[in-house]
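K.L.:
To start, I am sharing the structure in question, which I have written as structure tokens.
The values are calculated or read from the model by the stated rules, or taken from the named source; none is laboratory data. Nothing here was measured: the structure is a model prediction, and the numbers come from that model. Positions of Cβ are generated from backbone atoms using ideal geometry, with glycine treated the same way; all protein chains shown enter the neighbour counts.
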Amino acid sequence: MSFNCRQCGLCCRELLQKDMGIRRGLTLLPEEAKLFHETQVKPYLGYGKRPYEKGFKIHAYQLTLPSCPHLTDNKCTIYEKRPATCRQFPFSLDPDKEQVILLGVDMNCPAAVELVNNSSGLIDFPDRDSAMRIYELKKLVTVNPRRVWLYDLDSDKWVCYDKLG
Ligand code: SF4
Ligand code: SF4
């Protein structure tokens, strides 16, 4: 069965989430940050001993706005160039502790609910390549959580993944 987006725009309007005690926005790969004005973007995921020290590298950025500025009349005005996070939605690939790849489906999406409820068990995965790019970010956490830092939009500070609630 194929995913059939209803173009409700919900996934482009409720972008700020509180997760494990930190506020975060839409995840952007480094090359995607330039799709947004620099005042709308902050770092999201860094890897290293401590932020800003030698060897610390930013692997992802985040949009700081609750609604995407590229959404007009429930349509994406940069559709062909949209970020990998948007391309994979409502699906995701997640690593478990044994590095097995798990498929996630965001059930806040009405089309995903319809798909899962009516599927016989086989679902077309629309953009596996984009999901794999995001998966590689998540895998950093399973490799060494003490070296992973997430930037909290509420406190405007980096928080070590190992210290998250
Ligand atoms: S929430 Fe689901 S149905 Fe609505 S625009 Fe996003 S992907 Fe499409
Ligand atoms: S870039 Fe396009 S698909 Fe992604 S959140 Fe913005 S409007 Fe939605």
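K.L.:
Name every residue in segment 104-131 that is in contact with a helix residue (DSSP H, G or I) (Cβ under 9 Å, 6 or more places away or on another chain) and among the aliphatic types (A, V, I, L, M), in order of residue number.
P.N.:
Val105, Met107, Ile123, Ala131
K.L.:
Quick check on segment 47-73: of everything there that is in contact with a helix residue (DSSP H, G or I) (Cβ under 8 Å, 6 or more places away or on another chain) and either among the hydroxyl-bearing types (Ser, Thr, Tyr) or exposed (fewer than 13 other Cβ atoms within 10 Å of the Cβ) (or both), which residue is farthest from Arg6 (Cα to Cα)? Walk me through how you get there before you give the answer.
P.N.:
Taking segment 47-73 and keeping what is in contact with a helix residue (DSSP H, G or I) (Cβ under 8 Å, 6 or more places away or on another chain), we get 47-49, 58-61, 63-65, 67-71.
Those left that are additionally either among the hydroxyl-bearing types (Ser, Thr, Tyr) or exposed (fewer than 13 other Cβ atoms within 10 Å of the Cβ) (or both): 47, 49, 61, 64, 67.
Numbers: Tyr47: 37, Lys49: 44, Tyr61: 28, Thr64: 25, Ser67: 18 Å.
This residue is Lys49.
K.L.:
Find the strands (runs of 3 or more DSSP E) located wholly in segment 1-117 whose residues include 2 or more that are within 16 Å of ligand 1 (Cβ to nearest atom), in contact with a strand residue (DSSP E or B) (Cβ under 9 Å, 6 or more places away or on another chain) and of a type outside the set (D, E, K, R), and list them. Show your work before the answer.
P.N.:
On the way: elements: 17-19, 22-24, 41-47, 57-63, 91-95, 101-105.
Answer list for segment 1-117: 91-95, 101-105.
K.L.:
Does Leu93 count as modelled with pLDDT of 95 or more and surrounded by 14 or more Cβ atoms within 10 Å (Cβ to Cβ)? Step through it out loud before you land on a result.
P.N.:
Details: modelled with pLDDT of 95 or more: no; surrounded by 14 or more Cβ atoms within 10 Å (Cβ to Cβ): yes.
No.
K.L.:
Same structure, new question: Give Thr77, Thr27 a once-over and let me know the one that is modelled with pLDDT of 95 or more, under 20 Å from Val143 (Cβ atoms) and within 16 Å of ligand 2 (Cβ to nearest atom). Walk me through it before giving the result.
P.N.:
Details: Thr77 fails: under 20 Å from Val143 (Cβ atoms).
Just one listed residue meets the conditions, Thr27.
K.L.:
In addition: Looking at segment 118-132, is at least one residue within 23 Å of Cys5 (Cβ to Cβ), in a loop (DSSP other than H, G, I, E, B) and of a type in the set (S, T, N, Q)?
P.N.:
Looking only at segment 118-132, we keep the residues that are within 23 Å of Cys5 (Cβ to Cβ), and these are 118-132.
Within this subset, residues satisfying the condition of being in a loop (DSSP other than H, G, I, E, B) are 119-127.
Retained after the next criterion (residues that are of a type in the set (S, T, N, Q)): 119-120.
Yes, segment 118-132 contains at least one residue that is within 23 Å of Cys5 (Cβ to Cβ), in a loop (DSSP other than H, G, I, E, B) and of a type in the set (S, T, N, Q).
K.L.:
Does Glu98 meet the test of being modelled with pLDDT under 95 and surrounded by fewer than 19 Cβ atoms within 10 Å (Cβ to Cβ)? Give the derivation first.
P.N.:
On the way: modelled with pLDDT under 95: yes; surrounded by fewer than 19 Cβ atoms within 10 Å (Cβ to Cβ): yes.
For Glu98, the condition - modelled with pLDDT under 95 and surrounded by fewer than 19 Cβ atoms within 10 Å (Cβ to Cβ) - is met.
K.L.:
Same structure again: Please go through segment 74-87 and give me each residue that is surrounded by 15 or more Cβ atoms within 10 Å (Cβ to Cβ) and closer than 15 Å to Leu10 by Cα, ordered by number.
P.N.:
Hits for segment 74-87 are Cys76, Thr85, Cys86, Arg87.
K.L.:
Please identify the pairs in which a residue from segment 1-12 that is within 13 Å of Leu71 (Cβ to Cβ) has its Cβ atom under 7 Å from the Cβ atom of a residue that is near ligand 2 (Cβ under 10 Å from one of its atoms) and not polar (S, T, N, Q), counting only partners at least 6 apart or on another chain.
P.N.:
Partner pairs satisfying both residue conditions: Gln7/Lys75; Gly9/Leu71; Cys11/Phe89; Cys12/Cys68; Cys12/Leu71; Cys12/Cys76.
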